[in-house]
Amino acid sequence: MAKVPPPECFLMPVVYVGKLKEKVESFNKLPLSSKKGKLWDSTDDGDMEDVKKFIKDHYKIAQNYRCPYCQQKIEVEHNGSWDAEHIIPKDTHPQFMFEPRNLCVSCKDCNLIKLNKRVLKNQKRVTFPDAADDYLFCHPHYHSYFDHVNIIEEAGFYLPKTRHGVHLVEICGLLRFVLKYADCEWDDDQICLQVQSLGDELVSTKEPEARIAIMSMMKTLLDDGIRKATYAGIKARVERFAMSAG
Ligand SMILES: [Zn+2]
């Protein structure tokens, strides 16, 4: 029978060694009912601290200091800036807690927002799901990020290109970046630049869902620009009137 090739992967998985390997293997041998996600956070288990540090040290380098969900680069050595991230949450599926392909590091905001949200098509999976299509969203190991999401950095826009990208934006709350921008006071030049970059994006985008998202963002920006120009016009008239009346 032909051997099934290993799935294509985009991230080098961690390889446990020495006493950490023994620790992981002894957990994996437990019956399912004895595997508890809270072991991860136990403070009286020195080996757990060592495993967590080993995982963070590995993925920080493997990911080139980038969050796999929002792609922010955090060039900080201190592990406190990173969260060890269980792609399938450890609270819902503790049996995958040490599975190297279920692990990565992420920024604290993405981890907190993602929390225990569902990422699997079939929540009742017993064996580890190792195919890209087993997942609802872009998986750091199994999907090539930019095939599924475009980022327009000038404006903090995450534009999904596929269903997996749409789910990633939802599950990790990536709209938080554009909301942050929405609170800023834009000047006309900034709005112009953003509309221009969205226009370039629109020209090269074929997917109907992504095109609608881009056009809606362009409309919002233009409305905002027109609104500000109108206010400025009215304000100038009122000031001129006040001066002539005074
Ligand atoms: Zn992130």
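The values are calculated or read from the model by the stated rules, or taken from the named source; none is laboratory data. Computed from a prediction, not measured in an experiment: that's the story for all the values here. A quick note on method: Cβ atoms are made from the backbone with ideal geometry, for glycine too, and the neighbour counts reach across all protein chains shown. We work out accessible area using only protein heavy atoms, side chains counted, and drop any ligands, DNA or RNA first. Shrake-Rupley method; radii C 1.70, N 1.55, O 1.52, S 1.80 Å.
Sort the chain into rounded, prolate or oblate with this rule: let a ≥ b ≥ c be the square roots of the eigenvalues of the Cα gyration tensor; rounded if a/c is under 1.5, and if a/c is not under 1.5, prolate when a/b is larger than b/c, oblate otherwise. All intermediate terms of the calculation are to be shown ahead of the outcome.
Values: a/c = 3.11, a/b = 2.16, b/c = 1.44.
The shape class here is prolate.
Just to confirm a number: summing +1 for Lys and Arg and -1 for Asp and Glu over residues other than residue 45 whose beta-carbon lies under 14 angstrom from that of residue 45, what do you get? Mind dumping the intermediate values first?
Numbers: positive: 19, 23, 36, 38, 52, 53; negative: 22, 41, 44, 47, 49, 50.
Residues close to residue 45 contribute a combined charge of 0.
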Subject >> Rounded to the nearest 10 Å², the accessible area of residue 120 at probe 1.4 Å >> reply: 0 Å²
**OP:** Mind checking the full-extension length gain between residue 243 and residue 25? Use 0.36 nm per residue of separation minus the Cα-Cα distance, one decimal, nm.
**Re:** 70.3 nm
**OP:** Before rounding to the nearest 500, sum -39500 (n - 2.57) across all DSSP H runs of length at least 4 in the chain and divide by the residue total; then give [θ] at 222 nm in deg cm²/dmol.
**Re:** -14500 deg cm²/dmol
Original post:
What does the charge dipole of the chain about its Cα centre add up to, to the nearest 20 debye, if the Cβ of each Lys and Arg holds +1 and the Cβ of each Asp and Glu holds -1?
Top reply: 740 debye
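Full-extension gain between residue 200 and residue 153, please, as 0.36 nm times their residue separation minus the C-alpha to C-alpha distance. Show your work: numbers first, answer last.
Details: separation 47, 0.36 × 47 = 16.92 nm, distance 1.33 nm.
Separation in residues times 0.36 nm, less the Cα-Cα distance, equals 15.6 nm.
I'd like the carbon and sulfur percentage of the solvent accessible area for the chain, probe radius 1.4 Å, heavy atoms only, ligands and nucleic acids excluded.
Details: 8430 of 14390 Å².
Answer for the chain: carbon and sulfur cover 59 percent of the accessible area.
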Subject >> Estimated distance in nm for a label pair at residue 235 and residue 108, the labels positioned 7 Å out from Cα along Cα-to-Cβ >> reply: 3.6 nm
Subject >> Net length gained if the chain between residue 130 and residue 72 were fully extended (0.36 nm per residue, minus Cα distance) >> reply: 18.3 nm
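Taking R0 as 51 Å, what's the FRET efficiency between residue 57 and residue 193 from their Cβ-Cβ distance, rounded to 0.05?
Numbers: r = 39 Å, r/R0 = 0.77.
Result of the calculation: an efficiency of 0.85.
Give the Kirkwood hydrodynamic radius (Å, one decimal) of segment 83-163, defined as one over the mean of 1/r across all pairs of different Cα atoms. Each step should come with its number before you reach the end.
Working: mean 1/r = 0.0732 Å⁻¹.
13.7 Å is the Kirkwood radius here.
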**OP:** Run the 1.4 Å probe and let me know the accessible area of residue 61, rounded to the nearest 10 Å².
**Re:** 110 Å²
Subject >> Virtual spin-label span in nm between residue 207 and residue 79, 7 Å along Cα→Cβ >> reply: 3.6 nm
Original post:
Does segment 39-98 come out rounded, prolate or oblate by the C-alpha gyration tensor, with a ≥ b ≥ c the root eigenvalues, rounded set by a/c under 1.5 and, if not, prolate when a/b is larger than b/c and oblate if not?
Top reply: oblate
**OP:** Find the accessible area per residue for the chain; the probe is 1.4 Å, ligands and nucleic acids are left out, and the unit is Å².
**Re:** 59 Å²
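Between residue 15 and residue 47, how high is the FRET efficiency from 1/(1 + (r/R0)^6) when r is the Cβ-Cβ distance and R₀ = 22 Å? Nearest 0.05. Walk me through the numbers before you get to the answer.
Numbers: r = 17 Å, r/R0 = 0.77.
Approximately 0.80, to the nearest 0.05.
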